[in-house]
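What follows is a single structure, written as structure tokens, with notes after it.
No value in this document is a laboratory result; all are computed from the given coordinates. Because the structure is predicted, anything quoted here is derived from the model rather than measured. Cβ placement follows ideal geometry from the backbone for every residue including glycine, while neighbour counts extend to all protein chains displayed.
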Amino acid sequence: MLITILGLAFAIGNQRETINRYRNNDLKYWYIKMQGQTSEDSFLRLDRQFQYRDSVTIIRKQVEKYEQLVMEQVERMERARREAEEAEKLKKETEYLKKNR
């Protein structure tokens, strides 16, 4: 039973490491997308930064802020599109009412 518990503990630890690696890769992807640039030097610098927990925390906050700003921009654009459609609809209605007077 002890061997089984140790084996499962090892498997869980290994799986946790894999999940963290995937999470870091996702964060690296979003960071590079946020920066808008890719070069070998930027990849190497980013990999070095991920060796330090403080750097990862800072990068995570930057990416979260970027995503928040992008979502706000999308919402503003969507709101502007809806307002433009509503304005166009009202314009057509007024033109129709003027013609049918």
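Using the structure shown, decide if residue 85 is surrounded by 10 or more Cβ atoms within 10 Å (Cβ to Cβ), assigned to a helix (DSSP H, G or I) and over 23 Å from the mean Cα position of the chain (by Cα). Talk me through it step by step, then tell me what you get.
Working: surrounded by 10 or more Cβ atoms within 10 Å (Cβ to Cβ): yes; assigned to a helix (DSSP H, G or I): yes; over 23 Å from the mean Cα position of the chain (by Cα): yes.
Judged against the criteria, residue 85 is a match.
Only residues that are farther than 24 Å from residue 69 by Cα and not small (Gly, Ala, Ser): list them for region 31-42, please. Explain how you work it out, then say what you get.
Residues of region 31-42 that are farther than 24 Å from residue 69 by Cα, as a first pass: 39-41.
Of everything in region 31-42, those that are farther than 24 Å from residue 69 by Cα and not small (Gly, Ala, Ser) turn out to be 40, 41.
(1) in a loop (DSSP other than H, G, I, E, B); (2) under 21 Å from residue 20 (Cα atoms); (3) touching a helix residue (DSSP H, G or I) at 6+ places or on another chain (Cβ under 9 Å): which one isn't true of residue 38, the others all being true? If we test residue 38 against (1) in a loop (DSSP other than H, G, I, E, B); (2) under 21 Å from residue 20 (Cα atoms); (3) touching a helix residue (DSSP H, G or I) at 6+ places or on another chain (Cβ under 9 Å), just (2) comes out false.
With respect to the conditions (1) within 29 Å of the chain's Cα centre (by Cα); (2) among the basic types (Lys, Arg); (3) loosely packed, with under 10 Cβ neighbours inside 10 Å, residue 79 lacks only one, and its number is (3).
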